[in-house]
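Below is one structure, written out as structure tokens; the observations come after it.
The values are calculated or read from the model by the stated rules, or taken from the named source; none is laboratory data. Computed from a predicted model, the values in this text were never measured in an experiment. Virtual Cβ from ideal backbone geometry, glycine too; neighbours counted across all protein chains shown. With ligands, DNA and RNA removed, areas are computed over all heavy atoms of the protein, side chains included. Shrake-Rupley method; radii C 1.70, N 1.55, O 1.52, S 1.80 Å.
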Amino acid sequence: MKLRIVTHAEKDLRGTLPELFPTFMGHDSIVNTFWPRLFEVYPDFQLWVLDGKTTIAQACTVPVRWDGIPEPRGVDWALTNGAAGEPSSLCALLVTIVPDYRGKGLAEAMIRRVASIAAAHGLDELIAPVRPTWKERYPLTPIDRYMLWRREDGLPYDPWLRTHERLGAEILDVAPRSMTITGSREEWEEWTGLQFPEEGDYVVPGGLVPVRFEQGVGTYVEPNVWMKHPLYEE
């Protein structure tokens, strides 16, 4: 497998990667407002992976001012308050790979490249509000318990947390409100293909926690796990 990793400053490949997340994940108002700035203001910090001319993976990051305390709002914080002021750290917001290329070491290579970018820019550390891959299988289990689950070999049960830890990352804390998505009953039915006939909590495909409906409005508050990586200089 001969792949190329390029920055957004080298090549604009927006729209060439298939949608790999649940539809509702595209409706966080803060993310929708500030995400375009990543490519306009920080093009050197956004990575694309190419197999020939086909885009197969992406990593998005943002320089942030971080005081060492894990922020409860995770992704939403990094795109707003975190991006204000002189940056001290690099925050990895997203690493996504098309299914056929997963499990082949590409994720590890991308995380290392992101960490090396942080080092090259003189930043102190790489942090990430990590979205645990298998948490959607256990939407009723609190994230602070789930992130502590371990296999018999001592590594995290969750494969994405495990990938990060194998690269030397440490779990810091939960980001209980990393993203917040709200929508009407009709919008949620369109996003999920389900119906929500009464108020209450509902498990939805791809959700890490249930969606709560009150007065006809569904609110999904996604928890992530803050992790901190060592920096790798290339």
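Any residue at all in segment 100-117 that's open to solvent by less than 20 Å² (accessible area, probe 1.4 Å) and farther than 30 Å from Val6 by Cβ? Break it down into steps so the answer makes sense when it comes.
Pass one, segment 100-117, residues open to solvent by less than 20 Å² (accessible area, probe 1.4 Å): 106-107, 110-111, 114-116.
Right, trim to farther than 30 Å from Val6 by Cβ and you get none.
No, segment 100-117 contains no residue that is open to solvent by less than 20 Å² (accessible area, probe 1.4 Å) and farther than 30 Å from Val6 by Cβ.
Counting only residues that are assigned to a helix (DSSP H, G or I) and touching a residue at least 12 places away in the same chain (Cβ under 8 Å), which one in segment 38-63 is least open to solvent (accessible area, probe 1.4 Å)? Break it down stepwise before answering.
Initial filter on segment 38-63 (assigned to a helix (DSSP H, G or I)): 38-41, 43-45.
When the remaining residues are screened for being touching a residue at least 12 places away in the same chain (Cβ under 8 Å), the result is 38-39, 43-45.
Numbers: Leu38: 3, Phe39: 19, Pro43: 34, Asp44: 77, Phe45: 22 Å².
Residue satisfying both the conditions and the ranking: Leu38.
Residues are listed down the side, and each one gets a yes or a no for (1) over 24 Å from Ser184 (Cβ atoms); (2) part of a helix (DSSP H, G or I):
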residue	(1), (2)
Lys11	yes, no
Gly15	yes, no
Glu19	no, no
Gly26	no, yes
Phe34	no, yes
Asp67	yes, no
Ala78	yes, yes
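Going by the structure shown, is Gly82 under 22 Å from Thr180 (Cβ atoms), without any contact (Cβ under 8 Å) to a residue 24 or more places away in the chain and open to solvent by less than 20 Å² (accessible area, probe 1.4 Å)?
Numbers: under 22 Å from Thr180 (Cβ atoms): yes; without any contact (Cβ under 8 Å) to a residue 24 or more places away in the chain: yes; open to solvent by less than 20 Å² (accessible area, probe 1.4 Å): yes.
Taking the combined requirement at face value, the residue satisfies it.
Which condition breaks for Leu140 when tested against (1) of a type in the set (A, V, I, L, M, F, W, C); (2) out of contact with any helix residue (DSSP H, G or I) (no Cβ under 9 Å at 6 or more places or on another chain); (3) free of Cβ contacts under 8 Å to residues at least 40 places away in the same chain?
Evaluating Leu140 over (1) of a type in the set (A, V, I, L, M, F, W, C); (2) out of contact with any helix residue (DSSP H, G or I) (no Cβ under 9 Å at 6 or more places or on another chain); (3) free of Cβ contacts under 8 Å to residues at least 40 places away in the same chain leaves (3) as the failure.
Please go through segment 176-216 and pick out each residue that is in contact with a Ser or Thr (Cβ under 6 Å, 6 or more places away or on another chain), part of a strand (DSSP E or B) and crowded, with 20+ Cβ neighbours inside 10 Å. It would help to see each step written out before you state the result.
Initially, segment 176-216 is screened for residues in contact with a Ser or Thr (Cβ under 6 Å, 6 or more places away or on another chain), giving 182, 191, 204, 212.
Applying the additional criterion that residues be part of a strand (DSSP E or B) yields 182, 212.
Residues satisfying the conditions do not exist here.
Taking segment 82-95 only, how many residues are modelled with pLDDT of 95 or more and farther than 17 Å from Met110 by Cα?
Selection size over segment 82-95: 3.
State yes or no: is Ser178 small (Gly, Ala, Ser), at pLDDT 95 or above and closer than 11 Å to Gly218 by Cβ?
No, not satisfied.
All but one of (1) within 18 Å of Pro132 (Cα to Cα); (2) of a type in the set (Val, Ile, Thr); (3) within 19 Å of the chain's Cα centre (by Cα) hold for Val203; which doesn't?
With (1) within 18 Å of Pro132 (Cα to Cα); (2) of a type in the set (Val, Ile, Thr); (3) within 19 Å of the chain's Cα centre (by Cα) applied to Val203, the lone miss is (3).
Scan segment 133-153 and give yes if some residue there is open to solvent by less than 20 Å² (accessible area, probe 1.4 Å), closer than 29 Å to Ala83 by Cβ and of a type in the set (D, E, K, R), otherwise no.
yes
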